[in-house]
Structure formats: C-alpha cells, structure tokens
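One structure is given here, and the rest of the page talks about it.
FYI, it's all coordinate maths here, none of it is from the lab. All figures in this text were calculated on a predicted structure; none of them were measured in a lab. Cβ placement follows ideal geometry from the backbone for every residue including glycine, while neighbour counts extend to all protein chains displayed.
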Amino acid sequence: MKGAEDRFSDVVLADLRRVLAPSPWGKSVVVDPKVKILKDFTFGRIDGRWKLVAGVQQQDIVFYQSQDSIDYADFKSKAMDKIGKYKGKQIHVPLLVLELKVGGKQLVTHQLITYSSISAQLKQVFPHCRYCLLIRDKNRQFSQQTLLRHCKGFDRIFVGWEQNKDAIWQYVMNHLQYLQEIEAIDSASHEGELA
C-alpha cells in the first residue's frame with residue numbers, strides 16, 4: 001500500500017505531465033518519479049588504490065531531456081573505477097528536481113537540513129539544475145527564520161500544492177526557457193540528437 005508521500009507524488013506527477021505535454025518542451029523534456037541522480041564525487045582509498053567514487057541519490061520528481069542521458073556502462077568505464085551499488089542503466093542530466101514532503105508532524109527540521117545539503121551537492125555537479133522543495137500542506141508550519149536557516153540549498157520552497165500549482169508550473173517553464181536561452185538544452189522545437 002502506498003504511503004502519503006507516494007500518493008502525493010502520483011498527484012503532482014500526473015498534473016505536471018498533463019501540463020508539460022502541450023508545452024513547447026512536451027516532446028523533449030521528460031518528468032519522472034524516483035529517479036536516481038548523480039549527486040557527488042569524491043576520492044577514496046578502496047582496496048589499496050585511490051579511486052574516484054560517485055554518489056547517487058533518488059529524487060522524488062526529476063525533469064530531464066532523454067537525449068542528454070548517458071549510458072551507465074559508458075559513464076562508469078570513462079569516469080571512474082567504482083560507483084557503488086547503482087543499478088540504473090542511464091545517468092540522467094537533471095534540469096529541475098522537486099523534493100516532495102507531505103507536511104504534518106513527521107516533517108522535521110532535520111529533513112530540511114538533509115535535503116538542502118543534497119541540493120547543494122547536486123548543483124555542484126549539475127550547476128544548471130534547480131532544486132525545489134514542495135510541501136503538500138500547511139499542517140506543519142515553520143517560521144520564516146527556520147526556513148532561512150535550514151533551507152539555503154533550495155532554489156525555491158513552495159508550501160501548499162493546490163495553492164501553488166500555477167506558480168510551480170510557471171517556475172518550471174521559466175527555468176526551461178532560461179536553459180534554452182543559454183543553450184544548456186536543445187530548443188523546444190528541436191528533437192534530434194545533440195551534436
């Protein structure tokens with residue numbers, strides 16, 4: 001049986017896909033749930049040798065262009081000796097990540113600190129990616145000071161899905177437009193392979 005956060009993810013994902021489909025990026029940008037994203041790199045002495053080690057982190061909802069995904073086997077052979085227990089077939093280049101929380105008493109500042117840190121690490125690998133926190137409802141109120149102190153790694157925080165659907169979608173569209181303008185993604189009308 002699905003938990004509250006999984007049910008919330010289903011609702012958000014269905015709505016985002018519905019609105020993305022007719023947009024200029026409807027054929028080139030994918031939005032998927034529970035995508036593992038390359039989060040960080042570090043060097044470590046493993047089995048007597050210094051190796052480059054990559055960390056991955058599953059994200060709730062991720063926007064990416066499928067043609068910008070890198071085959072995992074190719075990535076591993078060229079980039080490092082070890083990537084851990086990653087079982088995916090593709091390394092996706094994220095454009096925007098939504099971390100979802102349902103609110104309520106189970107949402108604590110420790111989660112804000114943890115995901116803010118993950119956001120900051122992920123953006124060091126993918127500087128064009130935006131990482132937003134979406135809290136479903138206002139049942140768990142945090143003071144403005146708490147959010148300022150513990151959420152520095154997020155690009156944006158939205159509290160209340162129903163109240164902020166339009167603002168979230170506008171944020172996504174503005175970011176995709178910006179990425180297109182700086183040529184970090186293909187133009188909305190281009191569906192071919194990258195050069």
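Antiparallel as a % of all DSSP beta bridges within the chain, to the nearest 5?
Taking every DSSP beta bridge within the chain, about 65 percent pair in antiparallel fashion.
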Worksheet item: When a footprinting reagent is the concern and you count Cβ atoms within 10 Å, what order do ASP40, ASP10, ASP68 take, fewest first?
Response: ASP10, ASP40, ASP68
Worksheet item: Under the rule of -39500 (n - 2.57) per DSSP H run of 4 or more residues, summed and divided by the residues of the chain, what mean residue ellipticity at 222 nm is obtained, to the nearest 500 deg cm²/dmol?
Response: -11500 deg cm²/dmol
Fill in: Structure-derived semi-axes √(5λ) of the Cα gyration tensor in Å: which label, when the choices are [x] 56, 16, 12; [y] 33, 16, 15; [z] 28, 23, 15
[z]
